[in-house]
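The values are calculated or read from the model by the stated rules, or taken from the named source; none is laboratory data. Predicted model only: the values in this text are computed from it and were never measured. Just the protein is used for accessible areas: all its heavy atoms, side chains included, with ligands, DNA and RNA removed. Shrake-Rupley method; radii C 1.70, N 1.55, O 1.52, S 1.80 Å.
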Amino acid sequence: MSHRRVVFLLVPGVHLLDLAGPAQVFSTAALLGLGYDPTYV
């Protein structure tokens, strides 16, 4: 399975609560071997 990079752009003023949900979904999917590679910039 190929890895798909998911990039989260952390801009000034971003609310961590808005980032936490989607980040958790992709991180959990990666742990389950579903080929996601979450990255934070």
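Worth pointing out:
- Put simply, the amide H of ARG4, placed in the peptide plane, has neighbours under 5 Å in TYR36, ASP37, leaving out anything fewer than 5 places away on its chain.
- Applied to the range 6-21, the Karplus parametrisation 6.51 cos²θ - 1.76 cosθ + 1.60 on θ = phi - 60° returns per-residue 3J(HN,Hα) values of 10, 9, 9, 8, 9, 9, x, x, 5, 8, 4, 5, 5, 8, 4, x Hz, with x for Gly and Pro.
- Think of a 1.4 Å ball rolled over the protein heavy atoms: the chain then has 79 Å² of accessible area per residue.
- Here the sum of -39500 (n - 2.57) over DSSP H runs of 4 or more residues, divided by the residues of the chain, equals -13000 deg cm²/dmol at 222 nm, to the nearest 500.
- With 10 Å bins beginning at zero, the pair-distance distribution over Cα atoms of the chain amounts to 30, 51, 17, 2 %.
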